[in-house]
Amino acid sequence: MVTIKTSHTVVPNQPTPKGRLWLSNSDNSTRPAHTPVIYIYKAQLNIEYDIERMRDSLSKVLVYYYPVAGRLSLAESGRMEVDCNAKGVTLIEAATAKTFADFGDFSPSDSIKEELVPAIDYHSQPIQEIPLLFVQLTRFQGDQQQGLAIGVAFSHPVADGSAWIHFMNTWAMVNRGDMLDLNEMPFLDRTILKFPPSSLQSLPPPHFDHPELKPLPLILGKSDSTEEQNKKTAASMLKLTSKQVEMLKKKANDQLTKQGSRPFSRFEAVAAHIWRCACKARELHHNQPTLARFNVDFRNRLIPPLPRNYFGNALVATVTPECYVGEMTTRPLSYAAQKMREAVALLTDEYIRSHLEVVFGEEQLDCIKAFFLGQGEGRYAPFGGNPNLQITSWINMRAYETDFGWGKPVYFGLGYVCALDRGIIMRGPQDDGSVIVIMHFQIAHMQLLKKFFYEDIFTSRL
């Protein structure tokens, strides 16, 4: 059980620009709700002093990130935009009756969601009145030396995970008393992604097929994914040492299918391993089609690249070529790794610009309208669960650098269990080459997946 002690509204400590901030197609085509994450710290705290200090530093950072202190708004066109009205963000002090040890390894669970991340009510108040950022500082039962959980719920239409992590690191830096330089300032203008319609005229129509926007394969014999969507999932933390990561990379690269290809990366090898283990654990027919779907940060893929510290959504979805379960389970690891590589290779400057032109349409407008009417989120992307897999890479996110002055977090992760099969790949907290996979998977298949996840690393044929 969690008890809310205090709740503060934190506003910028200086006057900030007013008006409406245009949001890009990338911003408008993401899920409109908040995304909860948690940071876990194990350090001695003076909670009253530290909360006051965090309020003060947050008010300073909001001057530079002033849209965060605003509210989502609905434009006449039906698109979302940000009303930069400086109404502020919410900072909550809470305490849980559970000890640090009661939460185990802090893998996503109902308990994590209910006690350590802010609860947001989308139904009894207008969306236009809900803050874009909630932060909950939760003390554990017992000695204060046991640490602190910081649950953060950030509005996804405002920015993606990479941008929000930079925001958190900037806040932590100011809280420590460090000075910000110009290189830390966010780039807020989204109109840089408002491409003229003529930007693709040099390409022969229809430009690109965009398989990432199409329905994914279904279980053989099924006409829709309703049954799979209703199956319960759980989350489990799967750790890979740096040695195990290198073993996976070596196995993938010992079997490179294309002569002269560059070696498979850590992401390609680990993602391929997860996908392959998922196919084995589900025990589907060998002729069952399957693919992996994931997002890629396009900040440095556009020509020219987006400005340093672009604060917004800069993610583009991609999918692997369709494969068969029998191929995934009998061919070497390099087969799946090559499919991951082919999915990324699609994402040229022209492809991304085309995606951003076609990704936002009537379906997204209907979902936004329903959200603002209090009818829930709707579905913003094809269902990526069984027989397929959603992969998320947080390997390049510097979440373990979020040091508010009492040391780096001992854990960072998602604050809820995903309703579909999803593998989230993160670097280990020591940044020593180790990897943590937070695996969200149907409960019925989780034990088999965990068995294959570790056994297959050491088998002679992967």
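The values are calculated or read from the model by the stated rules, or taken from the named source; none is laboratory data. Computed from a prediction, not measured in an experiment: that's the story for all the values here. Neighbour counts are summed over all protein chains in view; Cβ atoms, including those assigned to glycine, are modelled from backbone coordinates with ideal geometry. Side chains included, ligands, DNA and RNA excluded: accessible areas come from the protein's heavy atoms. Shrake-Rupley method; radii C 1.70, N 1.55, O 1.52, S 1.80 Å.
Mind ranking His286, His273, His445 by accessible surface for me, highest first, 1.4 Å probe?
Heavy-atom accessible area, descending, gives His286, His445, His273.
If the cut-off is a Cα-Cα distance under 15 Å, which aspartates and glutamates reach Lys280, setting aside same-chain residues fewer than 8 apart in sequence?
By straight Cα distance, Lys280 reaches Glu327, Asp421, Glu455, Asp456.
Largest first and in whole Å, what are the equivalent-ellipsoid semi-axes of the chain based on the Cα gyration tensor, each being the root of 5 times an eigenvalue?
Equivalent ellipsoid of the chain: 35, 28, 21 Å, largest first.
For the chain, what % of the accessible area comes from carbon and sulfur atoms, probe 1.4 Å?
Ligands and nucleic acids excluded, carbon and sulfur give 51 percent.
Determine the per residue accessible area of segment 312-462 with all protein chains present and a 1.4 angstrom probe, expressed in square angstrom.
Per residue, segment 312-462 has an accessible area of 37 Å².
What is the distance in Å between the Cα centres of segment 1-53 and segment 242-321?
31 Å
Largest first and in whole Å, give the semi-axes of segment 211-456's equivalent ellipsoid, each being the square root of 5 times a Cα gyration tensor eigenvalue.
Details: eigenvalues 134, 119, 87 Å².
That gives 26, 24, 21 Å for the three semi-axes.
When all protein chains stay in place, what accessible area (Å², nearest 10, 1.4 Å probe) is found for Thr392?
In the full protein context, Thr392 sits at about 20 Å².
So, counting K/R as plus one and D/E as minus one, what does the shell of residues with Cβ under 14 Å around Thr290 add up to?
Working: positive: Lys222, Arg276, Lys280, Arg282, Arg293, Arg331, Lys339; negative: Glu228, Glu283, Glu322, Glu327, Asp421.
The answer is +2.
Which whole-angstrom value gives the distance between the alpha carbon centres of segment 338-410 and segment 125-194?
18 Å
Given the -39500 (n - 2.57) contribution per DSSP H run of 4+ residues, what per-residue ellipticity at 222 nm results for the chain, rounded to the nearest 500 deg cm²/dmol?
Counting only the DSSP helices, I get -8500 deg cm²/dmol.
Going through the cross-link list Lys222/Lys251; Lys113/Lys251; Lys339/Lys450, which pairs have a Cα-Cα distance over 30 Å in this structure?
With Cα atoms farther than 30 Å apart: Lys222/Lys251; Lys113/Lys251.
For a 21 Å ceiling on Cα separation, which of these pairs sit above it: Lys18/Lys87; Lys42/Lys98; Lys42/Lys243? It would help to have the intermediate numbers written out before the result.
Numbers: Lys18/Lys87 11 Å; Lys42/Lys98 15 Å; Lys42/Lys243 27 Å.
Beyond 21 Å between Cα atoms: Lys42/Lys243.
How do Lys450, Lys5, Lys408 rank by accessible surface area computed with a 1.4 Å probe, from largest to smallest?
If we order Lys450, Lys5, Lys408 from most to least accessible, we get Lys408, Lys5, Lys450.
Among Phe360, Phe404, what's the order by accessible area (1.4 angstrom probe), most exposed first?
Order by accessible area, largest first: Phe360, Phe404.
Not counting ligands, DNA or RNA, and with a 1.4 Å probe, what is Met173's accessible surface area in Å² rounded to the nearest 10?
The value for Met173 is about 40 Å².
Using a Förster distance of 22 angstrom, determine the FRET efficiency expected from the C-beta separation of Glu455 and Asp105, and round it to 0.05. The partial results should precede the final answer.
Values: r = 21 Å, r/R0 = 0.95.
That gives a FRET efficiency of 0.60.
How high is the FRET efficiency between Lys222 and Lys5 when r is their beta carbon distance and R₀ equals 35 Å, given to the nearest 0.05?
Numbers: r = 49 Å, r/R0 = 1.40.
Efficiency for this residue pair is about 0.10.
What net charge do the residues around Ile47 carry, taking every other residue with its C-beta under 10 Å from that of Ile47, with Lys and Arg at +1 and Asp and Glu at -1?
Once positives and negatives cancel, what remains is -2.
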